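Visitor: First the structure, which I've put down as structure tokens, then a few questions once you've had a look.
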Amino acid sequence: MKQVTVSRKAHFNAAHRLYRKDWSDTKNEEVFGKCSNPHFHGHNYELIVSVTGEIDPETGYVIDMKVLKELIKNYVEDAFDHKNLNEQVPEFSSLIPTAENISVVIWEKLRPHIANKNDLSITLYETPRNYVQFSGTNQ
Ligand code: NI
């Protein structure tokens with residue numbers, strides 16, 4: 001079986017604040033540093049969505065890139081771009097919007113729209129040097 005991975009890059013700008021309401025400002029600053037700034041701050045998130053599977057002999061595709069592009073636009077960019085993640089994105093009303101949690105939320109939003117036989121992996125850059133990857137839960 002030839003397993004091929006195809007990837008699409010995208011990006012969005014979003015604001016966030018990393019903090020726990022049940023911690024003092026001092027403790028939040030200790031743990032989350034600048035990302036706990038009460039006035040929020042933004043990141044230019046770079047996203048790579050990868051789909052792995054067999055090549056469809058009829059089309060030669062693993063997934064049509066036009067379809068993948070539209071899925072990312074509809075479920076990620078339209079939901080996150082130029083938003084305050086804490087205040088405007090329901091998934092983060094009680095979930096700390098770290099890059100780790102954002103990548104899991106993106107995976108969960110896209111997974112229902114990717115064929116079951118294909119694997120989905122999310123790579124999310126919060127800065128040019130810091131990035132996280134999520135490929136789903138181990139069965
Ligand atoms: Ni931050």
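What follows is calculated from the coordinates using simple rules that are stated; it is not laboratory data. Source: prediction; values computed, not measured. Counting neighbours? That spans all protein chains shown, and the Cβs are built from the backbone with ideal geometry, glycine included.
Visitor: Explain nothing, just compute: Karplus ³J(HN,Hα) = 6.51 cos²θ - 1.76 cosθ + 1.60, θ = phi - 60°, for every residue of the range 109-125 in order, whole Hz, x for Gly and Pro.
Guide: 6, 8, 3, x, 9, 9, 3, 4, 6, 9, 8, 10, 9, 10, 10, 10, 8
Visitor: Could you list which residues have their amide H under 5 Å from that of ALA14, counting only those 5 or more apart in sequence or on another chain, with H placed in the peptide plane?
Guide: Those lying under 5 Å, H to H, from ALA14 are HIS43, TYR45, HIS82.
Visitor: Let me ask something additional. Can you give the Rg/Rh ratio of the range 49-130, where Rg is from the C-alpha atoms and Rh is the Kirkwood radius?
Guide: On the Cα set of the range 49-130, Rg over Rh gives 1.02.
Visitor: Another one. Select from PHE92, PHE32, PHE80 the residue whose mean-square fluctuation is largest in a Gaussian network model of the chain (Cα-Cα springs shorter than 10 Å).
Guide: Fluctuation is largest for PHE32.
Visitor: Once phi is turned into θ = phi - 60°, what whole-Hz ³J(HN,Hα) does the Karplus curve with 6.51, -1.76 and 1.60 give for every residue of the range 25-30, x standing for Gly and Pro?
Guide: 4, 5, 5, 4, 5, 4
Visitor: If you plug each phi of the range 82-88 into the Karplus form 6.51 cos²θ - 1.76 cosθ + 1.60 with θ = phi - 60°, what whole-Hz ³J(HN,Hα) values come out, in order, with x for Gly and Pro?
Guide: Using θ = phi - 60°, the values come out as 6, 10, 8, 4, 4, 9, 10 Hz.
Visitor: What is the list of residues in the range 1-26 whose amide nitrogen lies under 18 Å from a point 7 angstrom out from the Cα of GLU54, following Cα to Cβ?
Guide: The answer is 1-6.
Visitor: Can you list the equivalent-ellipsoid semi-axes of the chain, largest first and in whole Å, using the square root of 5 times each Cα gyration tensor eigenvalue?
Guide: Working through the eigenvalues yields semi-axes of 32, 14, 12 Å.
Visitor: When the helices in the chain are scored as -39500 (n - 2.57) per DSSP H run of 4 or longer and the sum is shared across all residues, what 222 nm value do you end up with, to the nearest 500 deg cm²/dmol? List each step's numbers first, then the result.
Guide: Working: 4 runs with 32 residues, N = 139.
Using -39500 (n - 2.57) per qualifying helix, the result is -6000 deg cm²/dmol.
Visitor: Among the lysines, which fall within straight-line cross-link reach of LYS109, defined as a Cα-Cα distance under 28 Å, with same-chain neighbours fewer than 8 residues apart omitted?
Guide: Filter leaves LYS2, LYS9, LYS21, LYS66, LYS69, LYS73, LYS83, LYS117.
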